[in-house]
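**Student:** My questions all concern the structure below.
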There are 2 protein chains.
Amino acid sequence: MAKAPVLTPQAEDFPRWYQDIISKAELADNGPVRGTMVIRPYGYSIWEQMQAEVDRRIKLAGARNAYFPLFIPESYLTREAEHVEGFSPELAVVTVAGGKELEEPVVVRPTSETVIGEFMAKWVQSYRDLPLLLNQWANVVRWELRPRVFLRTSEFLWQEGHTAHVSEADGRAYAVRILHEVYESFMRDVLAMPVVVGRKTAKERFAGATNTMTCEAMMGDGKALQMGTSHELGQNFARAFDIAFQSAEGQQELAWTTSWGVSTRMVGGLIMCHGDDAGLRIPPRLAPVQVVVMAVREDDAVIDRCRSLVDELLAAGIRVESDLRTETSAGRRATDWELKGVPVRLELGPRDLAEGAVTMIDRIAGTKDAVPLDGIAIRLHAALDAAQTALLAQATARREERTAEVTTIEEAVEAAATGWARIPWRAVGVEGEAALAAQAITVRCLVMPDGSLPPADDTPGAVAIVARAY
Amino acid sequence: MAKAPVLTPQAEDFPRWYQDIISKAELADNGPVRGTMVIRPYGYSIWEQMQAEVDRRIKLAGARNAYFPLFIPESYLTREAEHVEGFSPELAVVTVAGGKELEEPVVVRPTSETVIGEFMAKWVQSYRDLPLLLNQWANVVRWELRPRVFLRTSEFLWQEGHTAHVSEADGRAYAVRILHEVYESFMRDVLAMPVVVGRKTAKERFAGATNTMTCEAMMGDGKALQMGTSHELGQNFARAFDIAFQSAEGQQELAWTTSWGVSTRMVGGLIMCHGDDAGLRIPPRLAPVQVVVMAVREDDAVIDRCRSLVDELLAAGIRVESDLRTETSAGRRATDWELKGVPVRLELGPRDLAEGAVTMIDRIAGTKDAVPLDGIAIRLHAALDAAQTALLAQATARREERTAEVTTIEEAVEAAATGWARIPWRAVGVEGEAALAAQAITVRCLVMPDGSLPPADDTPGAVAIVARAY
């Protein structure tokens, strides 16, 4: 008799599989207020790993963390026309505070360009103060009508970088640097997600930006997910907030600003990129728990050896946890660790111990072997490296298999039923984009044939990546 | 001619000195919405160091980080009578979201006992699920009528721990453990602040707690600052949110919960505990920059040697920054680094270089010496250790000098003009506490003569620490 599956199979109902995994791997719950979420400890430990890796890269790119207020005067939002138009429908507004009606309502930040612009204007006087490179880790609120945990929530956690520069070229270079050195590098090398880096069309641009660049990933069902964006804001916010400086030549000039962010949405992307019917599969470089050491049954010698093994692996720089809950069956615990996507499970019982061995189950290779306890750390490092490589290779292979080169809108629509289409942007254009939108298909980004970023909206030869998206 | 002081001298106007240092050391600005603050990069780097140290200790105590929503249904707050009464006057309320009036207004969390209680009730079934040990790093909002940067702001950053236990004794032991192993340890060993750990009187208790314990520090002007609190919540929130479990004996029982927190207020405490008329003095174990290497003037050999020295010190595990801004005078830059409280400044000029030496200025010892570049890292480690010890010793000496042992309310009032008073709690009582409050003096906490925590509100022999406070 076949076991009942722990999760709804992906092939049967992908969205249901996603909901199942969120709940069964104890990643998150829906919050009591519409569209909010509770991130449970295991889900949050994944986010903490993401934060640490992204934060390190942001600091290497020279930006410094700061913190700006949650509450923004409503009047700030209205200073940049496109920005307010883009965000108005999603705002949460505080009208009562300290027991009184407020004279000016305050908005809960949907993003912080406006309030940070106000302070950049105060801090920047001379070209010597530039570039000004800031970042903040914060919560933001955008009221969602169709929320989905991690992917679209009314409140989410993110980092938002905000920088000011002396010239358009300098701002652009920095926005591109963040895109590649922080986001693409993190996603490919840590998340094992082979994102496509491209330029958004004018229609998909951030409200107030002159150019939005994006990292797009393919999920297990062939849909696209926007994993992070980096924006050139031109002088739009500098003009609205008067971020001006005296140039080296003694002229008053407006600064050029950028902004860029990634959010808890990446947790959703990670799940849908690597997960399978048995649960999550977390790339070892990210995994909060890389190896779990499981005592198969209650036995003093086994428990002692599990403990010393954990110490040995910790000393070898492996993120390891022990599972000594022998009151629960080994089978049930094994299922739980597979659900949680821990890359390697070591099962230790009296027989293994007698043989000086341990049973090593590799979540990603799908193998189960008796291996000697002697030299286990070296073997684990090799297995973890191999798992990291395998996940990236699998995701890359899927993306290539499921991306069709097409030349017409009709073909693009067909391809988008199961994956992505690559189509010359000149064959789409603004009208083609509208026709696709009518079928819930979007141009995810534009790329040059060699994979580079198109320098303008209408660069000849640009290719559009077309897909359904989360 | 004496130089004009960079800061208002402490002895002249302590609050003005505090405002000056916040601004001149570039720690923070007032936000545009009343009572909010902008934490600037240097101020935020101090907070990041605090977070890292506290987070490590929280994890060692077995709690796991999670994240609960910013928005709480108004109805949740009203479920625990004392809690809602305590927080109602400070709430910020969202009444409009997504372009519509909300059916039920949502409150911006002033603290998260209620929403976390709701989820603990969902997650806890059996005694096996206990203790449930959670923590979150988050922003909270409490509308302030008399805001002061870092000390009292309408929005602040903090961690809030929330735990549930099988018994009163277990909850109490954990609340006490956090108080000592996380808070007191961090404050004494890292912040170099000799806090007094005690029990709050019933009047000063957290709204909804059965017992509030606190860490109180003496500031440079003799006032007290509450640096952190740990609460036993009894079964108050378990009853309100139905956090129930099946005991080992098969009975349905209510859990016992705790909560505990420290916030960005600690940054204010650090400033007012160690700062002097030249600026901040940051204990080396906390300092984001422990050593600054300053090129005194433009000179290729000097700049090169500064760079290699920075690399050498980084490799020796010292948090070091270089200052090669030779277009600004060395004197002005030296003043800035003193303002920022960096423990050690190394000044390197052509003459030093010729002698194989560097000028070492110790911010805390107040010394300036030519020291050989050879073996400098070892010398720095010793200087940093000595500075850490000296700051704790100075703060301890001040606390002892400025604390008077008294026996009457009148004497306590007199002592509180310049410092703290220790007075038998039986000589104060509820009426004495009210009389003190009329003069803006409070009982900061109760301690036993041996320094231990009084187990009850009316434990015989308890001593009250009485002071003015921030």
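**Student:** Average partner chain C-beta neighbours within 10 Å, per residue of B:93-104?
**Tutor:** That works out to 6 on average.
**Student:** If you bin the C-alpha pair distances of the protein assembly as shown every 20 Å from 0, what whole percents do you get?
**Tutor:** Spelled out bin by bin, the protein assembly as shown gives 12, 41, 37, 9, 0 percent.
**Student:** Here is a follow-up. Using +1 at the Cβ of each Lys and Arg and -1 at the Cβ of each Asp and Glu in segment A:128-174, identify which of A:Ala138, A:Tyr174, A:Phe150 lies farthest towards the dipole's positive end.
**Tutor:** A:Phe150
**Student:** Rg and Dmax of segment B:291-399, using alpha carbons, in Å: what are they?
**Tutor:** That works out to 14.0, 49 Å for Rg and Dmax.
**Student:** Using only alpha carbon pairs under 8 Å that are at least six residues apart, calculate the relative contact order of chain A and give it in whole percent.
**Tutor:** Relative CO of chain A lands at 14 percent.
**Student:** Please give the contour-minus-distance gain from A:Asp450 to A:Ala330: 0.36 nm per residue of separation, less the Cα-Cα distance, rounded to one decimal in nm.
**Tutor:** 38.1 nm
**Student:** May I pose another question? If you place +1 on the Cβ of every Lys and Arg, -1 on the Cβ of every Asp and Glu, and leave all else neutral, what size is the dipole of chain A about its Cα centre, to the nearest 20 Debye? Don't jump to the answer; show the numbers that get you there.
**Tutor:** Values: 50 positive and 65 negative charges, 67 e Å.
Taking the Cα centre of chain A as origin, the dipole is about 320 debye.
**Student:** Take the Cβ-Cβ distance between A:Ala393 and B:Thr389 as r, set R0 to 56 Å, and report the resulting FRET efficiency rounded to the nearest 0.05.
**Tutor:** Numbers: r = 54 Å, r/R0 = 0.97.
The value I calculate is 0.55.
**Student:** Label B:Arg297 and A:Ala244 with points 7 Å out from Cα along Cα→Cβ: what is the distance between them in nm?
**Tutor:** About 3.8 nm separates the two model spin labels.
**Student:** Which value, in debye to the nearest 20, gives the size of the charge dipole of the protein assembly as shown about its Cα centre, when Lys and Arg are +1 and Asp and Glu are -1 at the Cβ?
**Tutor:** Here the size comes out at about 140 debye.
**Student:** Okay, moving on. If each label sits 7 angstrom from Cα along the C-beta direction, how far apart, in nm, is B:Pro449 from its counterparts in the other copies?
**Tutor:** 9.2
**Student:** Next question, about the same structure. How far is A:Pro372 from the same spot in each other copy, in nm, shortest first, if each label point sits 7 Å from Cα toward Cβ?
**Tutor:** Label-point separations across copies, in nm and ascending: 5.0.
**Student:** For the pair B:Ala61 and B:Lys24, how long in nm is the line joining their label points, each one 7 Å along Cα→Cβ?
**Tutor:** Output for this residue pair reads 3.7 nm.
**Student:** Based on alpha-carbon centroids, what's the gap between segment A:17-66 and segment A:409-424 in Å, whole number please?
**Tutor:** With segment A:17-66 and segment A:409-424 each reduced to a Cα centre, they are spaced 32 Å.
**Student:** Over chain A, how many percent of alpha carbon pairs lie in each 20 Å bin up to the one with the longest distance?
**Tutor:** In whole percents, the pair-distance histogram is 22, 50, 24, 3, 0.
**Student:** Any chance you could run the full-extension gain for B:Glu101 through B:Arg426? It's 0.36 nm times the residue separation minus the Cα-Cα distance, nm to one decimal. Intermediate values should be presented prior to the final figure.
**Tutor:** Details: separation 325, 0.36 × 325 = 117.00 nm, distance 5.34 nm.
Once the chain is fully extended between B:Glu101 and B:Arg426, it gains 111.7 nm.
**Student:** At a 10 Å Cβ-Cβ cut-off, how would you order A:Trp420, A:Trp143, B:Trp158, B:Trp123, fewest neighbours first?
**Tutor:** B:Trp123, B:Trp158, A:Trp143, A:Trp420
**Student:** I'd like to know which of A:Thr95, A:Trp123, A:Pro105 lies farthest towards the positive end of the charge dipole of segment A:79-142, counting +1 on Cβ of Lys and Arg and -1 on Cβ of Asp and Glu.
**Tutor:** Comparing the listed Cα positions along the dipole, A:Trp123 ranks first.
**Student:** Using the 7 Å Cα-to-Cβ label point, sort the distances from B:Lys59 to its equivalents in the other copies shortest first and give them in nm to one decimal.
**Tutor:** Those label-point separations list as 1.4 nm.
**Student:** Here's a follow-up. Using Cα pairs closer than 8 Å and at least 6 residues apart in sequence, work out the relative contact order for segment A:404-467, in percent.
**Tutor:** With pairs under 8 Å counted, the relative contact order is 38 percent.
**Student:** Would you mind calculating the gained length between A:Ser167 and A:Arg16 on full extension (0.36 nm times residue separation, minus the Cα-Cα distance), in nm to one decimal?
**Tutor:** Extra length from A:Ser167 to A:Arg16 when fully extended: 49.5 nm.
**Student:** Which order do A:Trp425, A:Trp260, A:Trp47, B:Trp137 fall in if you start with the one that has the fewest other Cβ atoms within 10 Å? Write out the running numbers ahead of the final one.
**Tutor:** Numbers: A:Trp425 24, A:Trp260 27, A:Trp47 21, B:Trp137 18.
The most exposed by this proxy come first: B:Trp137, A:Trp47, A:Trp425, A:Trp260.
**Student:** Distance in nm between label sites at A:Thr418 and B:Gln125, each 7 Å beyond Cα in the beta-carbon direction?
**Tutor:** Going by the 7 Å Cα→Cβ label model, 4.1 nm.
**Student:** Also: Using Cα centres only, tell me the gap between segment B:158-174 and segment B:202-265 in whole Å.
**Tutor:** Taking the Cα centre of segment B:202-265 as reference, the centre of segment B:158-174 is 8 Å away.
**Student:** With +1 on each Lys and Arg Cβ and -1 on each Asp and Glu Cβ, how big is the dipole of segment B:14-274 about its Cα centre, in debye rounded to the nearest 20?
**Tutor:** Dipole of segment B:14-274, to the nearest 20 debye: 660 debye.
**Student:** Could you tell me what percent of the DSSP beta bridges with both partners in segment B:14-274 are antiparallel, to the nearest 5?
**Tutor:** So the antiparallel bridges amount to about 95 percent of the total.
**Student:** Within a Cβ distance under 14 Å of B:Ile72, other residues only, what is the Lys/Arg minus Asp/Glu net charge?
**Tutor:** Charge balance near B:Ile72 sits at -4.
**Student:** Just how many % of Cα pairs in segment A:1-118 lie over 18 Å apart, if you round to the nearest whole percent?
**Tutor:** Roughly 72 percent, once rounded to a whole number.
**Student:** Any idea what the relative contact order of segment A:291-390 is, in percent, if you count C-alpha pairs under 8 Å spaced at least 6 apart?
**Tutor:** It comes to 27 percent, rounded to a whole number.
**Student:** Order of A:Val293, B:Val93 from fewest to most other C-beta atoms within 10 Å? Don't jump to the answer; show the numbers that get you there.
**Tutor:** Details: A:Val293 24, B:Val93 18.
Ranked by crowding around the Cβ, least crowded first: B:Val93, A:Val293.
**Student:** Then there is this: Just name one of A:Gly268, A:Val291, A:Ala357: the one whose Cα is farthest towards the positive end of the charge dipole of segment A:252-402 (beta-carbon charges, Lys/Arg +1, Asp/Glu -1).
**Tutor:** Checking the options against the dipole of segment A:252-402, the answer is A:Gly268.
Coordinate-derived values only; no laboratory data. Just so it is clear, the structure is predicted and the values come from calculations on it, not from any experiment. Heads up, the Cβs are rebuilt from the backbone with ideal geometry, glycines too, and the neighbour counts pull from every protein chain shown.
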